[in-house]
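These notes concern the structure reproduced below.
Just so you know, all these numbers are worked out from the coordinates, no wet-lab data involved. As the structure is a prediction and not an experimental result, all values here were calculated from the model. Don't worry about glycine lacking a Cβ; one is built from the backbone with ideal geometry, like all the others, and counts go over all protein chains shown.
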Amino acid sequence: MNIFLSLRDTLGEKMAWCQKISKRGKDMKKSLKMCAGVLSALFLVMVAFAGCSSSVDGLFAADATGEDPKNSEQTVTTDPTQPTVVNPNEDGELEDIPDSVDGLKPFTALNISDMSNKTYTADEVEAKDNVKIVSPSEKGVAVEKKSATVDKTKYTKRLKLGGAGKERSVVIYVGANVEGVLRVVCVSSNSSASDRALMANDVKLGNAPAKNPAALSASVKGDENGYIAIYSGNGGGINLYYIAFTSGAASSGSEGVEKQCSSEASTPALDNSTLRPSYDNGLKVGSRTKINEIDTSKIAKVVYAAPDGKTTGDGSRENPLDLAGAVLQVEQGGAVVLLGGKYSLSSTVKIAVDNNGSPSAYKYMLPESGAAVVLDFSTQEIGDSNRGIQMDGSYWHIYGITVYNAGDNGMIVTGKHNIIERCLFQANQDTGLQIARRASSVSNFDEWPSDNLILNCTSFDNKDDKTGENADGFASKLTCGNGNVFDGCISYANCDDGWDMYAKPATGSIGIVTLKNCVAFSNGKTTSGANYANGDMNGFKLGGSNNACPTPHVVTNCMAFLNGKDGFTDNGNGGALDVLNCTSYANVNSNFNFYRTLAGGVFKKLVSMIGSASITQIDKFGGKASEVTVAAKISDSIYLTDKKKGTFNYVFAESEIHNGDKIGETVSDLYKTDVNAGNPPAIDLLVDAKCRNADGTVNMGGYLETKDSSKYASLGAHFGSEAYEVLDLTLQMN
Ligand SMILES: [Ca+2]
Ligand SMILES: [Ca+2]
Ligand SMILES: [Ca+2]
């Protein structure tokens with residue numbers, strides 16, 4: 001058997017971006033030596049700085065560890081994926097905050113709740129762990145009792161950065177000789193003033209919210225003296241609850257001390273004219289990735305596994321192995337064939353990092369022809385390492401199995417060039433299928449999972465009973481490389497998001513993910529109707545972390561409806577997202593929430609509809625005009641401009657768009673006139689069976705698709721029985 005695999009189209013066009021990221025990692029290593037010197041010098045500066053302070057050990061408790069709470073998608077995004085971290089293998093790894101070369105501990109966090117109630121008067125200085133509060137003002141800086149809960153973390157006190165605050169008069173200094181992300185939980189001291197700029201050195205973190213405290217964050221660099229000054233930029237009072245600094249700004253996938261020394265910009269360059277792949281890449285509406293069906297008659301050697309297979313089996317059909325044993329024995333070009341039935345498993349099926357097929361001889365795992373195979377992990381304990389299948393290998397093709405009720409992810413894919421086809425991920429205790437690195441020691445972007453294809457899979461009812469905030473249907477997040485593709489997948493009734501491409505500064509931008517022909521609906525509630533309060537509930541969540549780790553993902557011919565929050569959201573991905581031929585209908589918060597796509601995003605042939613539903617937010621694209629240097633572009637799209645009147649605007653010619661712009665002509669909701677409304681699929685266990693063609697491709701029965709007779713027939717997502725085959729990935733078998 002000879003199998004040839006080729007990646008083309010969108011994947012190939014993103015190479016330049018990928019190379020740019022790799023190069024950044026190398027440059028940083030080069031600068032490491034130089035930085036050691038800088039750090040030594042800085043240590044002396046910091047000692048001098050600390051010299052004038054009284055010792056106040058005990059004033060502060062140990063570093064606040066309330067970091068990494070649930071993300072808020074309004075002003076700032078913190079990692080939704082893991083609240084606290086104990087396991088280095090976990091998907092939300094512990095932020096690496098290495099000690100500096102000279103043993104000087106960089107500032108990490110200050111929780112005002114841990115401070116004594118007092119007013120720090122003129123010229124008084126307090127210090128611990130490189131924090132200085134300096135108040136030459138007569139008013140002083142008071143710590144007062146006042147509770148607030150932000151991102152699931154409760155604070156009991158706040159520090160009043162007084163109304164006289166001017167640059168470097170009333171100010172909090174934190175020692176930071178490096179670049180990193182500063183996060184400050186704050187609120188304006190005047191509940192009707194929302195224009196109070198919180199500054200950190202010369203960087204504006206944002207305006208302190210008028211009423212409800214929230215976190216602001218930005219990439220900030222310590223100044224030449226090795227500190228960051230936090231102050232009110234325009235004099236109005238701001239109350240602070242929490243300050244955290246994560247050294248190592250978003251830049252590449254590599255972690256560790258070399259990143260801190262980078263003199264590079266804190267994020268991948270935002271010159272998206274070069275980063276953004278062309279959207280006009282030949283994809284057609286309804287296009288799909290097609291690979292040949294697995295022909296077991298051509299598989300080199302078969303190893304059988306069975307629900308009651310034995311570790312002592314020989315892999316024959318008569319004397320089958322258990323699954324773990326079969327996975328170890330299968331050869332390149334061969335297959336693990338699973339006899340039908342329910343496999344009761346209490347531990348992870350691990351396909352090790354050195355257990356690989358090859359480009360010309362994949363390893364397969366698939367049911368015996370016609371058999372139903374369920375891997376049932378109901379007896380597996382809940383725990384962040386307890387995945388159902390851990391795919392650390394590469395060049396595997398897994399077909400047609402259901403992964404049920406694993407203690408964490410149904411499957412985590414950490415290898416490369418794998419194909420996961422026609423699998424179901426049901427009721428797992430974290431994301432159904434997640435693509436991310438296997439361990440935090442895998443620090444180079446180039447080593448992260450890449451070029452995996454998830455094809456015609458369905459994920460539903462995933463729910464993490466412990467936190468209720470991490471279980472997405474599908475995720476390619478935190479630490480994944482380039483070229484991962486989801487094609488023809490359906491994600492519904494998961495407690496968190498349908499798809500998640502969250503990234504965070506500690507690990508930097510992830511690679512470009514392509515979503516094609518996918519459907520996300522009714523996420524936020526499971527099929528039983530259970531609603532998990534911490535779920536983010538978006539259909540397609542396309543990034544994270546407040547512009548700190550942008551990636552120009554590509555989303556084509558996808559549909560979102562009736563999700564508990566946004567249908568499609570940039571979630572703070574400041575990169576040039578390409579969103580084409582997508583339909584979004586009656587999602588609770590908004591259909592298209594792209595107000596942070598600041599840098600040249602392309603939005604084309606989109607359809608937004610609300611029908612008789614109410615919706616909280618209008619559609620937004622492209623950031624505020626005052627903040628944008630490279631505008632987003634929209635064309636041939638219908639978007640919601642007035643949520644009360646239920647009116648939309650149709651833009652035909654390609655136009656620049658900013659948050660709040662109403663451009664084009666006013667049109668009414670297509671829902672009643674131009675699309676096949678009908679009923680959405682029932683929220684039950686049978687969506688996969690009902691919404692697919694025989695070949696596994698998506699068929700929504702025309703639901704929400706613009707009719708051929710419509711003036712807008714070419715807009716939005718379309719599925720159906722006709723395949724427009726554009727082969728992104730061709731598997732040829734001889
Ligand atoms: Ca977990
Ligand atoms: Ca979440
Ligand atoms: Ca999520």
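Counting beta carbons within 10 Å around each of 559, 199 and listing the fewest first gives the order 199, 559. Over all other residues within a Cβ to Cβ distance under 10 Å of residue 208, the charged ones net out to 0, with Lys and Arg as +1 and Asp and Glu as -1. Give, as ranges by residue number, the residues of segment 581-598 whose backbone N falls under 17 Å from the point 7 Å along Cα→Cβ of residue 624. Counting only backbone N, you get 594-598. Would you mind checking segment 301-329 for residues with the amide N under 12 Å from a putative spin-label position 7 Å along Cα→C-beta of residue 354? Once the point is set 7 Å along Cα→Cβ of residue 354, nothing inside segment 301-329 turns out to lie under 12 Å by backbone N. If you find the alpha carbon centre of segment 481-549 and of segment 295-374, how far apart are they in angstrom? So the separation of the two Cα centres works out to 30 Å.
Seen from residue 501, the other residues with C-beta closer than 11 Å to its C-beta sum to a net charge of -2, counting Lys and Arg as +1 and Asp and Glu as -1. Along its principal axes, segment 336-430 has C-alpha extents of 37, 30, 17 angstrom, given from the largest down.
Taking the Cα centre of segment 280-690 as reference, the dipole from Cβ charges on Lys and Arg (+1) and Asp and Glu (-1) amounts to some 520 debye.
Compared with the direct C-alpha span, the chain from residue 643 to residue 528 gains 38.4 nm at full extension, assuming 0.36 nm per residue.
Cross-linked pairs 620/644; 160/624; 525/707; 310/363: Cα-Cα separations exceed 19 Å for 160/624; 525/707; 310/363.
Taking a sphere under 15 Å around the Cβ of residue 648 and counting the other residues whose Cβ falls inside, with K and R at +1 and D and E at -1, yields a net charge of +1.
Here the gap between residue 707 and residue 682, fully extended at 0.36 nm per residue and compared with their Cα-Cα distance, gives a gain of 6.8 nm. Kirkwood's formula applied to the C-alpha pairs of segment 280-690 gives a hydrodynamic radius of 21.6 angstrom. Residues 240, 704, arranged from fewest to most other Cβ atoms within 10 angstrom of their Cβ, appear as 240, 704. Based on C-alpha pairs under 8 angstrom that are at least 6 apart in sequence, segment 280-690 has a relative contact order of 7 percent. Taking the fewest neighbouring Cβ atoms within 10 Å as the starting point, the ordered list for 346, 459, 188 is 346, 188, 459. Between the beta carbons of residue 689 and residue 379, assuming R0 = 25 Å, the FRET efficiency works out to 0.40 to the nearest 0.05.
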